[in-house]
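Report on the structure given below.
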Amino acid sequence: MGSISEAPDLGKKRQTISLFSSLPPTPLDEPFSVNGAYIQDSHPQKVNLGIGVYRSEDGAPWPLRVVEDAEKELYDAKNVGRHEYLAIQGDRAFLQLAADLVFGFGKGKSSAPAVIEDPRSRVVSVQTVSGTGANRLGAELLARNIRPGCVWIPDPTWANHHTIWELAGVERKTYPYYDSVSQSFNFEGTIRTLSESARKNDVVILHACAHNPTGADPTREQWDALAKLCNAKGLIPFFDLAYQGFASGDADKDAWAIRHFFNDMHMPEFCVAQSFSKNFGLYGQRVGALHVVTRPAVHDVTQDLQATLCHLIRGEYSMAPRGGAEIVRTVLADQRLRERWFEDLTTMSQRIQRMRHTLYDELLKLKTPGDWKHIVNQIGMFTYIGLSEPQVLAIREEYHIYMLKSGRISISGLNERNVGYVAQAIDDVVRTT
Ligand SMILES: Cc1ncc(COP(=O)(O)O)c(C=O)c1O
């Protein structure tokens, strides 16, 4: 037994060495750190093209008008149960409307095999902590139960795909998504890589529309070929749907690839991670869903699958938050509010389109060296503008314009007041750096 006089020494040691003193280094999240740097900058002409959030013409956040209407309706209803727990699966009415929005159920005839009376019955849906949570839950489900050899992640991609699948413990491989010469989707590279190297039950991450960060999407013919390849090789498509309706202004059009896989290509089993952050402007409310499509089988697996998902949810966060999902449910369930939502989608997507064209026109006017057509050809919130990392750093240093070091810009940070300034800055760094 040690003497009493040793006790203070032990105490000192305890104070100097923390249990957490040798944590492995973690990468910075670039969009959020660029945003932090922008906030710190006091330059009067600073421009934020880093973070992926919608901004109105005056550079401010824009609560959708329809969301404000729904919030008022919910408030006036004074439902005494409004702060109660949800079911573990989530709000069932919300989930059905969310699945209808993705798959287009109830909209015209499906060409799904005739044995399926209701194609809805093939889809298991659970509410998640927005799109990130849906990606994470889907990764966990597949990692634990299917044990894929690897996940194929587009290069480049939304950086969080790597974090999510790393945490799920699945080996990550990439396929070459972007052709920097044509500044478009690298169809040949993608097909070649997956044909040669992907194995049965590997997962393939696909951005359903408005690819983040490039804004370059496959054509319909290319989607068709991707579906055939996944079918032939027994790959598991995992759609990330973060921009439905926000990309083109038309929620049906933006879900085309998923519906094609489901209805026309009869893709037996796949996942869809759905986010309502961008298309409802509900970023901080964390509204989303994971939909898992199951194959028509003799033994129906949907109940077991739902139980497994609920088990994972319960151990992770018990259930998703209810407030934002109630707003989305209120809008989607009411034809009048739905119409207003479509109008708001048009407002957002058209402003972004207008800014793409204005930036392009300004660069043409300045005769900026290079081909800038991709700015108007690409779709959604982001564009790979085509600046190198030193040019990105120079534009930040000299002009206080913030973007990701890959040259990804969020078009929604542009407006009539700053677009000329941004074009001038691009012109300058392209000529001098
Ligand atoms: C491709 C992609 N997937 C998923 C998300 C998830 O967003 P959230 O978790 O806010 O719904 C985003 C957000 O930027 C995204 O761009």
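Only protein atoms count toward the accessible area here, which uses a 1.4 Å probe; on the chain, the carbon and sulfur part of that area reaches 53 percent. Value of Rg to Rh for the stretch 255-375, rounded to two decimals, is 1.11; Kirkwood radius and Rg both from alpha-carbon coordinates.
The accessible area of Lys173, taken with all protein chains in place and a 1.4 Å probe, comes to roughly 70 Å².
Amide H to amide H distances under 5 Å link His207 with Asp240, where only residues 5 or more positions off or on other chains count and H is placed in the peptide plane.
For the stretch 306-433, evaluate the Debye formula with one uniform point scatterer on each Cα (no solvent term) and list log10 I(q)/I(0) at q = 0.15, 0.22 Å⁻¹, rounded to two decimals. For the stretch 306-433, the Cα-only Debye profile gives -0.77, -1.21. Only alpha carbons enter this Debye calculation for the stretch 85-333, each as an equal point scatterer, and the log10 of I(q)/I(0) it gives at q = 0.15 Å⁻¹ is -1.05. Diffusion coefficient (Stokes-Einstein, Kirkwood radius over C-alpha pairs, 37 °C, 0.692 mPa s) for the stretch 28-139: 175 µm²/s, rounded to a whole number. Restriction of the GluC sites (Glu not before Pro) in the stretch 163-209 to DSSP coil positions whose beta-carbon has at most 16 other beta-carbons within 10 angstrom yields Glu171. Estimate the FRET efficiency between His83 and Glu339 by the formula 1/(1 + (r/R0)^6), using the beta-carbon distance for r and 30 Å for R0, to the nearest 0.05. Efficiency at R0 = 30 Å is approximately 0.50. Largest first, the three principal axis extents of the alpha carbons in the chain are 83, 65, 58 Å in whole numbers. Normalised per residue, the accessible area of the stretch 85-333 is 40 Å², obtained with a 1.4 Å probe and no contribution from ligands, DNA or RNA. Entry note, the stretch 85-333: relative contact order of 30 percent, from Cα contacts under 8 Å with a spacing of 6+ residues.
Relative contact order of the chain, please, whole-number percent, based on alpha carbon pairs below 8 angstrom and at least 6 residues apart. Worked out over the chain, it gives 24 percent. Other residues with beta-carbon under 15 Å from the beta-carbon of Gln222 carry, at +1 per Lys or Arg and -1 per Asp or Glu, a net charge of -3.
Of the residues Asp224, Asp252, Asp58, Asp361, ranked by 1.4 Å probe accessible area with the largest first, the sequence reads Asp58, Asp361, Asp252, Asp224. By the helix-only formula, in which each DSSP H run with n ≥ 4 contributes -39500 (n - 2.57) and the sum is divided by residues, the chain has a 222 nm mean residue ellipticity of -13500 deg cm²/dmol. Annotation for the stretch 46-62 versus the stretch 291-366: alpha-carbon center distance of 21 Å.
The values are calculated or read from the model by the stated rules, or taken from the named source; none is laboratory data. Source: prediction; values computed, not measured. Cβ sites come from the backbone with ideal geometry, for glycine too, and all protein chains shown count toward neighbours. SASA here: full protein model, heavy atoms, side chains in, ligands and nucleic acids out. Shrake-Rupley method; radii C 1.70, N 1.55, O 1.52, S 1.80 Å.
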